[in-house]
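Report on the structure given below.
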Amino acid sequence: MKPLKLEDHLRRCHPDKIGKDLKYFQTLKEKYEKRLTVHSTFSSTSESYDDGLWAFYNISLLIAKSGKPHTIGEQLILPAVEEVLNTVLHKSSFDILERIPSSNNTTKTY
């Protein structure tokens, strides 16, 4: 908003906040930005599921381009990914590999 219209809006709609200092409005803005919304509640779980689907898609694409049977994913690629996660990143592979669907667990619900 333009400053003149902002001042007019403050006088008309929020007369109780006319004497407040800048710090008050900055804390209001921070609280507004940190509030919990429906989108933020569901985005974290859906993002991790989407990441797993993208990983599965990319792995499947690599397998298809190589001309190898699809079972190579469960026999070679996923164990290799698990080894990299454990050895290089020092992370538990169980949580991450749970997000990557495979032909054995495609009926998993999220």
Q | Subset of segment 64-98 [among the polar types (S, T, N, Q) and not in a helix (DSSP H, G or I)] | A | 71, 92
Q. Considering segment 85-106 alone, what residues qualify as being at pLDDT 70 or above and not hydrophobic (A, V, I, L, M, F, W, C)?
A. 86, 87, 90, 91, 92, 93, 98
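The values are calculated or read from the model by the stated rules, or taken from the named source; none is laboratory data. It should be emphasised that the depicted structure is a prediction, and the values quoted were computed from it without experimental measurement.
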